[in-house]
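Report on the structure given below.
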Amino acid sequence: MLFAQVEKTFWAEGSGSSALWLKILMAVVVGFGLTFAMLKLPARGRRTLVVGITFLAGLYWVLYYLWPQPLPGRLANGSPLPHGQPRDLVESVGFWIKDAQPVVSDFANILSSFLLGLGVFSIIRIHGRKLFRRQPDWGFSAVLFLAMIAMVIVGYVNYYQTRYTPGSSKLELPSNWGSWQFANDLLFNGLLQQMDAAMFSVIAFYILSAAYRAFRIRSVEATILLSTALIVIFSLMGIVAYEWNNAVAHIPGATTGGIAGNFSLTEIYKWINQNVQTPAIRGIDFGVGIGALAMGLRLWLSLERGGASAA
Amino acid sequence: MATPDPTTPKSLGEKLQSLPRGILYLILVICTSVPLFFNIPVPNEPTQAAKDLFNALNSLPAGSTVLVGSDWTVSTRGETGGEFDALIRILMRKGIKFAVYTTADPQAPEVARDEIVMLSEDEKKHGGKGVERWNDWVSLGFFPNAEATANLIAADPTKAFGSKKDVKPDGTLGSALSSPVLKDIKTLTDFKMLILVTGTQTSTVTIERLSGKGLPLGMMVTGVMGPETAVYYDSRQLNGLCAGLKGVYDMETLMDGTFKGQVNFGRGKLYYPTLHFALALLIVAVIVGNVGMMISRKGKA
Amino acid sequence: MNNVSSWHGVQYQDTGWFGVVITLLLVSFILINIARAGKNQNLFIRRIAGLNAIDEAIGRATEMGRPVLMVPGLGDLNAISVQALNIFAYVSRTAARFSNPIRLCCGNAAVYTVAQEIIRDAYQQEGLADRYDQDSVRFLSDRQFAFAAAVSGLILREQAAAAFFLGEFFAESLIFAETANSVGAIQIASSTQSTQTPFFIAACDYVLIGDEFYAASAYLTRKPVLVGSLIGQDWCKISGIAMVLGGSLLITPALGIFSQKTINRTSVQGLDVPTTVAYTGVAAGEPLRPFEKHAGDMVDSYVIDSKTGEVQQKQVPVVEGEKVDVIEPRLITPADTWLQRFFQPQKNKALRVEREDDPKPKEVVYGSDPAGVALITAASNSNPCVLTATGHGLKNGDQITIYGGWGGWSVLNGTFQVTVLSPDTFSIPVDASQAGDFKNQNPTLAHEVKPATEGEVKK
């Protein structure tokens, strides 16, 4: 059984054609119909349906990662072999899974886009109430709405102008910008990016106050933590590293491979990095990875109880 | 967290332990701004990881194409911006073509483009060659799904980049795959190296999907991500690693050793003395806090 | 039809069947223990301080009459977020019982949608559906720092008394922790990113490190399925430890007194040649894929002789049906060959295979390792500069690159042709008379193996 590579699916119609709109309408109607049908299901049937859909959705990705992906078909000089010539069942399933990947990830992308709408609705509800009932700090809610509307409008107009108007490739260069491009630049690069950078820089102050407040030598572990941190900080400071290595180099045998050479700052830091830090991070990463694997399995097989599933 | 009794005067120990945050922040602002006005030379020995990355870049043959992942934006420009500068300067001077792509942030392609244009102008001003869009480098834009993109690049770069268009010197758009940079790329290993400049999680995604496929990998990350990425350098999945502000200064020092007489120093040299002062202040703050604690303890005992 | 099996998928070219088997083994450990767990109710989990403190934190918040703040991190709707929401469902149930207001701030719309349902269900399960405030679960922003600013503002305005930061956090973790601390909140945090865990440890009261986050749902609810899964995870970790120990034992015979002459080299990469993952021999006349050669084709291979450390280059024919893999040329130890024979029986030993028509790669040897090419231990203040490197093994006309010299000795940085003066010294055409004291310099010597005409020194 060999599947030919399907070049044209049922849904593939010309962009903007009436056939495409008809199929979109059909899909919407069928979607609503299915939703109402599911709401009418009894509770037990609903749970079985949810478990089944979860399993199928997860099954695709499990197969994607485990089923052998067909080897790329190209001749040695780079020209492609005729596309879609699976030799046996294994390869045809492999081709089918690989070709379905953009479609399946599109499902997830489309869902997240609609969910973003729900999130925005939450913001509008909370801040709209503040604004209209003049609750305390309603001025900030007004600013939020202004900013949101401005960014949406400017973003969309700029996007439309730089993609869909004729001659839009010229707008890549700043010398050809119109006022909408300048507004986009001001809002996104001038305000948003710089505010991101400012918030990131604020972390420096917080690090200082956290270190001042929290690093106390109260126990043996705290002392070890503090001394290791000091060594790592010193190794970042070039002047201190230079002076320290200088001092160690005076000890006889340090520079010619004797044991005293192990006490230069770079060597100590390397030891901490390779023998303490790296294995610790690896250990934590292994544990976290296995935990994520177990969690994923429980979600896929609907074994998770409490909270995230209808149990 | 016991609230101290406001009526008894604070002992020295308690005062030392509870300096007002405002004072600390003010001292930090002074410590980090003042060194920017002075040119303080600081000795530096590059780490082995930075040396390996530099050597890997240095031994690429002229005319080859590398893939540059640029997943950083303005918020981390002190570290990743400096690293990106060093990387592009090296690629420019070695005559290596590069294709820039992003999987992390929609703003990142523009940040990268602006930076490359600025560096190219700077290079030309100092007598160098600079790089020209389309002929020497292409911008492949933003890819929304990091994992799927990395998978696709590993399997078939022509499919991954097939739909991307870039601007030709005459202003029209053309398919990126037909540019001089990418026209000989058919499989993953036609790229000579992949260097990822990132401040986000895309480093792990890239290593997951693209290591072990015959493509040398190099990473340039923020200081905070240094230890966790060093794990992969240690296991030789990465050919080189450059982490944080010290990494930037390491790369600039190494560039200075090889490209004599050209502009090598940038953000690394400018910010490295500041780092010293900030770290010194951190150490002083910790010492003051601990001294305060010990005085309090002795007072109580 | 060529005879590469269709089961040899693209994703298995570096692990072979071994990766799949290990993955399925770990999965089976977890599933087996989930199945076993139904029978035994009293399985032991060690004490996790952060989870014990949840009730204390909520109690404190109730006393002070201030809300409980929960942040499930910035990530998408994945296993981490779902686990965070499970823990928050538990927290909300406790808070609901005490009529304590909660604030759950989401940085992702999908997580927000699921969180709403979960928290509403939690209130319903306690029979307190009327106490549920729809605005207690809110979506703030999906941009990292906008979210950080919004949450900080919320903490300061509402004066949260207990703060839970569980999930995927990135750079903004310290902003949350410090802001919560400044209003006197008790904080319980966990980040699966090893990058952010140190920040939480410094700033928060209780931290769940790494795997304890995933153990939380089992710990809090003690449901058999969850505890069974936890035990399965422990089995997986034990097998990981066993593999690490086993690997160390296998490699030990190659080290120390049992080893042959060791050469510390970093991995040799000929970066001007494309490398492919595998070459398979294909019958003559068949079309070739990039990783295939016709049977009988000769390819270059490089082998490092472990006894002498020499790099030998020879031509090897590709045999039909046999796979010749590319491995980093490195020290061949008895354990290596034995391991290779065990896992991939058809592999040839440590061959590096390039395409015939490609230029030969250059091997760059880094001389900063003490056991390899010697260190530059001294340099004279003269012109030309005479460098001392014991046993350097260079020949007249070889090209070396030095970098890492600083201060006055930065004149050493660069690529030079070498004139050998003795087995321990050589000179380079550099004027070092003004360079000062050589003490504390540690320049690195990179030696490009390029054939030099014996006796000819090029300037």
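List of remarks:
- Helices (runs of 4 or more DSSP H) lying entirely in the stretch B:100-192 (those with 3 or more residues that are away from every other protein chain (no Cβ under 11 Å) and within 19 Å of the chain's Cα centre (by Cα)): B:108-125
- So residue C:102, is it among the β-branched types (Val, Ile, Thr), under 35 Å from the mean Cα position of the chain (by Cα) and under 20 Å from residue C:55 (Cα atoms): no
- Residue in the stretch B:74-84 that is away from chain A (no Cβ under 14 Å) and farther than 20 Å from residue B:220 by Cα present: no
- Test: residue in the stretch B:2-19 that is surrounded by fewer than 20 Cβ atoms within 10 Å (Cβ to Cβ), under 30 Å from residue A:236 (Cβ atoms), free of Cβ contacts under 8 Å to residues at least 40 places away in the same chain and of a type in the set (Val, Ile, Thr): no
- Considering residues of the stretch C:142-183 that are within 11 Å of chain A (Cβ to nearest Cβ) and of a type in the set (Phe, Trp, Tyr) only, the residue surrounded by the fewest Cβ atoms within 10 Å (Cβ to Cβ): C:170
- Strands (runs of 3 or more DSSP E) enclosed by the stretch C:415-459 - at least 3 residues per element that are modelled with pLDDT of 80 or more: C:419-422, C:425-428
- Only one of B:41, B:46 that is in a loop (DSSP other than H, G, I, E, B) and without any contact (Cβ under 8 Å) to a residue 60 or more places away in the chain: B:41
- Just one of (1) open to solvent by 40 Å² or more (accessible area, probe 1.4 Å); (2) under 30 Å from residue A:64 (Cα atoms); (3) of a type outside the set (A, V, I, L, M, F, W, C) fails for residue A:101. It is (1).
- Lone qualifier among A:182, A:188, A:234, A:200 - being outside any loop (DSSP other than H, G, I, E, B) and in the same structural domain as residue A:276 (by TED's automatic domain parsing): A:234
- Scanning the stretch B:161-188 for residues being under 10 Å from residue B:134 (Cα atoms), of a type in the set (Gly, Ala, Ser) and open to solvent by less than 40 Å² (accessible area, probe 1.4 Å) gives a total of 3.
- Flag for residue A:226 being in contact with a Lys or Arg (Cβ under 7 Å, 6 or more places away or on another chain) and assigned by TED's automatic domain parsing to the domain that holds residue A:276: no
- Cβ-Cβ under 7 Å pairs, at least 6 apart or on other chains, the stretch C:135-147 side not assigned by TED's automatic domain parsing to the domain that holds residue C:114, far side in a helix (DSSP H, G or I): none
- Residues in the stretch B:248-269 that are open to solvent by 40 Å² or more (accessible area, probe 1.4 Å), out of contact with any helix residue (DSSP H, G or I) (no Cβ under 7 Å at 6 or more places or on another chain) and assigned to a helix (DSSP H, G or I): B:256 alone.
- Test: residue in the stretch A:254-266 that is under 38 Å from the mean Cα position of the chain (by Cα) and either within 11 Å of chain C (Cβ to nearest Cβ) or not in a helix (DSSP H, G or I) (or both): yes
- Of the criteria (1) more than 20 Å from residue C:205 (Cβ to Cβ); (2) surrounded by fewer than 17 Cβ atoms within 10 Å (Cβ to Cβ); (3) more than 9 Å from every other protein chain (Cβ to nearest Cβ), which one residue A:220 fails: (1)
- Within the stretch B:277-294, residues that are at the interface with chain A (Cβ under 7 Å from one of its Cβ atoms) sit with their Cβ atoms under 6 Å from residues that are open to solvent by 40 Å² or more (accessible area, probe 1.4 Å) and of a type in the set (Phe, Trp, Tyr), at 6+ positions apart or across chains, in these pairs: B:286/A:215.
- The lone criterion from (1) open to solvent by 10 Å² or more (accessible area, probe 1.4 Å); (2) touching a residue at least 12 places away in the same chain (Cβ under 8 Å); (3) under 29 Å from residue A:209 (Cα atoms) left unmet by residue B:55 is number (3).
The values are calculated or read from the model by the stated rules, or taken from the named source; none is laboratory data. Keep in mind it's a predicted model, so treat the numbers as computed, not measured. Backbone-built Cβ (ideal geometry, glycine too); neighbour counts: all protein chains shown. The area values use the complete protein model at the heavy-atom level, side chains included, leaving out ligands, DNA and RNA. Shrake-Rupley method; radii C 1.70, N 1.55, O 1.52, S 1.80 Å.
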